[in-house]
1. Inside 10 Å of the C-beta atoms of C:252-263, what's the mean count of C-beta atoms belonging to other chains?
2. Calculate log10 I(q)/I(0) of region C:218-313 for q = 0.12, 0.17, 0.23 Å⁻¹, where I(q) comes from the Debye formula with a single equal point scatterer on each Cα and nothing for solvent.
3. Quantify how strongly other chains surround peptide B:159-170 by giving the mean number of their Cβ atoms within 10 Å of each of its Cβ atoms.
4. How big is the Rg/Rh ratio for region C:384-430, C-alpha atoms only, Rh by Kirkwood, two decimals?
5. Using the eigenvalues of the Cα gyration tensor, what equivalent ellipsoid semi-axes result for region A:139-273 when each is taken as the square root of five times the eigenvalue, whole Å, largest first?
6. Relative contact order of region C:314-435: what whole-number percent is it, with Cα pairs under 8 angstrom and at least 6 residues apart?
7. With equal scatterers on the alpha carbons only and no solvent term, can you work out the Debye log10 of I(q)/I(0) for region A:276-369 at 0.16, 0.21 1/Å?
8. Which of B:HIS415, B:GLY81, B:PHE355 sits farthest toward the positive end of the charge dipole of chain B, with +1 on the Cβ of Lys and Arg and -1 on the Cβ of Asp and Glu?
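Read the figures in this text as sums done on the coordinates, not as results from a lab. Quick caveat: nothing in here was measured; it's all calculated off a predicted structure. A quick note on method: Cβ atoms are made from the backbone with ideal geometry, for glycine too, and the neighbour counts reach across all protein chains shown.
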Amino acid sequence: MNIDKRLHDRKFVRTFFTTPTAEKGVDDSAKKLRSAIGLRGMQAPDVWVPDNEDATAPNMRDEGASNIAEVVAEDGADFPGEIHPRVVWHRDSPATRYKGFQHMLEIADPENGAIEHIDGFVIPEVGDIDDWKKADEFITIVETEYGLEEGSLAMSVIIEGGAAELAMGKLRDEMGKPDNNLERLFLLVDGEVDYTKDMRAITPTGALPEWKELRHNTSRAASAAGAISVDGPFDDIRDIEGYHDRITANNAMGMTGIWSLTPTQVVEANKSPLPPEEGSWLIEADGREIELDDEGDVQVYSGDRIELEDEGDYYELEIGSDEYELSEEELQEKLVDITAYVPSMTDIVDSMEEFEAAKEAGKGAIAMTRSTTVSIDGIEVEISSDRMWDEATYQAMMAPISLFQDVYENRPDQHDDLADLYGEDVVERAIEVGN
Amino acid sequence: MNIDKRLHDRKFVRTFFTTPTAEKGVDDSAKKLRSAIGLRGMQAPDVWVPDNEDATAPNMRDEGASNIAEVVAEDGADFPGEIHPRVVWHRDSPATRYKGFQHMLEIADPENGAIEHIDGFVIPEVGDIDDWKKADEFITIVETEYGLEEGSLAMSVIIEGGAAELAMGKLRDEMGKPDNNLERLFLLVDGEVDYTKDMRAITPTGALPEWKELRHNTSRAASAAGAISVDGPFDDIRDIEGYHDRITANNAMGMTGIWSLTPTQVVEANKSPLPPEEGSWLIEADGREIELDDEGDVQVYSGDRIELEDEGDYYELEIGSDEYELSEEELQEKLVDITAYVPSMTDIVDSMEEFEAAKEAGKGAIAMTRSTTVSIDGIEVEISSDRMWDEATYQAMMAPISLFQDVYENRPDQHDDLADLYGEDVVERAIEVGN
Amino acid sequence: MNIDKRLHDRKFVRTFFTTPTAEKGVDDSAKKLRSAIGLRGMQAPDVWVPDNEDATAPNMRDEGASNIAEVVAEDGADFPGEIHPRVVWHRDSPATRYKGFQHMLEIADPENGAIEHIDGFVIPEVGDIDDWKKADEFITIVETEYGLEEGSLAMSVIIEGGAAELAMGKLRDEMGKPDNNLERLFLLVDGEVDYTKDMRAITPTGALPEWKELRHNTSRAASAAGAISVDGPFDDIRDIEGYHDRITANNAMGMTGIWSLTPTQVVEANKSPLPPEEGSWLIEADGREIELDDEGDVQVYSGDRIELEDEGDYYELEIGSDEYELSEEELQEKLVDITAYVPSMTDIVDSMEEFEAAKEAGKGAIAMTRSTTVSIDGIEVEISSDRMWDEATYQAMMAPISLFQDVYENRPDQHDDLADLYGEDVVERAIEVGN
């Protein structure tokens, strides 16, 4: 087995959107499924998860399994993302595991007509690696029973305890053994609510801990085992800014996917990891990164954390309670140090093309210059900084572009949105660069 | 073996209190042991550790072993916590390991009359998992020699190096093998001073590093292997506020136990993880969480970090150096965002009972509303927020209640303190809820 | 195998300095190698790495291998540090691995005369542990082919992906197996640029993530497997203060080595982990540690974050936006809490000698007192604090001394610099203490 040659398509998954599979006391118990499967464009997730576990009441789950089969059979062909139903499972309960197996058999039954649109299953509450293998075995049986190729159904797991976290460290040793089909592994999803319970963690307000180490370990396992890591649900569904910040922090750990609970969250999670359409300048103001106001030729800082005065023969710069007396040159250097540029999609494509041309011309490294005018308290200062680009820089900047290319290839329904966002021309260059 | 069915009693350990076993040049070299074994109520630890290693001078340790046997034989029957002597051990020294074995044989000798009150042994300075097995084997021999059931003596270890940290990741693979009795494992205790030495870490002032990753890995291992994680000693014994903060941070990682060096630390560590008797409101003021002053109907902020002015047609809110112009509704929303409520024991029990009743009535999720009036610079603002409670929320809030119930069951000597703290009525409801 | 008895000499490595091995279009393509091998004293690294991988253009690497052999043969005898060339390698490319093998055969060929000055090889882009073994095997073949003792050439690896990070957790299980010579393992070096790429991490500005967990895991693996951990390159070569801060943070994680890209970085990295020649006082001022100005008898705080006023019957202390009304005694206590002393080399040696004398006299613990006068807003306050030193404190303070002694033993070319820095007398005491 070569775990870098995954059986499954996506290299990046931005969104993991769960929907209840059955509701009591409504005319159509599958109404929410029908609504979700109709989503398109930025509102449609990369991975849609009809959720026959926590989102659906325990006594509605048999009906939920039927609903999934019915709705996916009807409308699955036109859904632009992948479809991975979540079934019930628990490392400590054979009865729950058997129920999950039965639901998979039901959903995948060719007579129901859904299976050709089902990409895989999501298994929650897994334990140690041998528990993962039990789920893998059930999926293998489902495949055999219905004449599907072994390994063709993906398996994603929710990490909800210490044993599962440790199991992620064993994947490379276990995948490819002749007695399993763990190559089907697709998403490693953190489930922080149940993880918190399993770890017996207590916070005064009941807020979830950050679990940074868990997220690192999940991202690392995805990198090591050719899977994709996805962060768990962000409960405060009104706080889109907080959701965006969480995504940005996740991206810096190599975790580009996140759970979405609402279509609004789906839109944010689909867009957040993509490079911005406009570049912007940041300034580090006493511990906080603040975006400068782009006033055309000048980038203006208008907060209180930084103050600048021209004292004739020197400049006085105050950052928080730190004071500096600086010559013009020292001031420029200091501003170069505390500012940073967030490149737009166009900037990234420009730089990559420039580096590719230089490489073709036999150069291994080139300096990319970035200049602007920063204005603080009415005083304008020209700044300019060089960044050396070598092969490694080029490769590192490739990550957002690879993500973009993966989206472009797999989500034709988002082509219009991408063209609206960046312009046709930039989109065309972005899908070519690096190939 | 089912590692979730531990041989040992406690599910939570709050306090791990060490006492020197022998002192030179005093009338009674076991004086400190006698004093510690007399502790009761909140001053008595969950786990008491007569410390025949670092706390006792090397040349006094043979006498220390005899002292342990003598004092525990005399007064062990009435001690309210568990008793786990620490013996000498070192991964790199067979002589030290043999000495530890001899001390265990001495302490556990039925002729000394202590063994019926001894719950297990603490093994410091362990190395890789095979080194843990050597200690396990010695304890098995002690058990066999003295007619005790195999596995009946608990084993706790101190993690004082990188090899032991890695060994914690192997516990699930090694426990339950026919050639060991590692199911006896009880506490995983971080020993940060020696860990720092083993890692060759250097800090300018000689202060201990935070070692957050170690603490996460210890908590995770405890979760995965059915053990209990305990943080190491907090050296500045006068700084009770700092000790409390460390406990709060540990609890958020799933580590509810901590080493205690003094009875004052024991009291703090026994109480810190329990829910407070009174609820309180927190406000996030420019990077710091500050408790609002409870003035009956109103929660008052009286610091300098937040300022609020009524400008007639809008409100001006300043948080640190950030300024906002807000309508009344926007102001309410902003305050909902930056405040949080710390529920009291009564609040938690109320919410859990409410959710249980709703579940019985067939509802899977209910909204819990929390309202108050916040006053800043004399301006009063009503705020109200809903939190959805589902099964997962309920389970997560169960952690402090489970801790409370574990304490109530195992520490009858603290019943009066708990009743004083919360009132009889709340205590009675708290021990019933969730069962 | 006893992995604590390394085959290789250094216990600490401060500096890992890479140099291109061949450049196109210059008179002497080995010019940079010749320049680097001439470095002495604080400008010379502990480990010098002729870099036949990333620093050298792909089509120049065969010439690079010859250049290494030639330059090291000529001048290697006089180079004061160790010499470990980096060859090409990639976990995913057999062709690259074979090329690396050929370059090692070339560099080590006794006919070239370099091998007696070569201490080992650096292998980049390793994957899982079985990939490390392939490199180990090639080095074994090189040794056998040229009549060198098996294991005599060190092997260092660059950790540039999740698989390699996980492999570090397996070293103890794999080293010492009869079919490998992994005891040759020397440095574990983090390569954060390629690691970021492998983890597919994205940051808005393209800045490297901190990767704290990776650094912890590398340091832990070094501790567990008897190797030495080294942090990756710090790109902003002008920002020496930032480089110093990174080294300080690394040291607190047990990582004393860092990659150096320039001789200026080498000097900083050689000096940073050594204790300072002068002690200094720090004060925690509203979230920042600030060094007090040493004005002889008085330590003066002259910033804006802390304000102190004598109100007659009490003192008013303001730290950030927190206000305290304190008696003189309370003020002293508060200042003891927020200040800390950074001991000089002399201070450390004094304390260690004092503790050694106490130990000889039969005492297990002694109080070390540290007093000074702090001046804030013109008000002088005497402060004094005791710190208990026991064997553990003594051992922990041993780390910077062990580092110093390791440097002293292995780098005679730095003796003059050390004497200039600390004075002959202190140096002599420092090399004796603890032995």
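1. 3
2. Listed by q, the Debye log ratios stand at -0.57, -0.90, -1.17.
3. If you average over the peptide's residues, the count of other-chain Cβ atoms is 5.
4. Rounded to two decimals, Rg over Rh is 1.10.
5. Semi-axes from the Cα gyration tensor: 29, 18, 14 Å.
6. That works out to 22 percent.
7. -0.80, -1.06
8. B:GLY81
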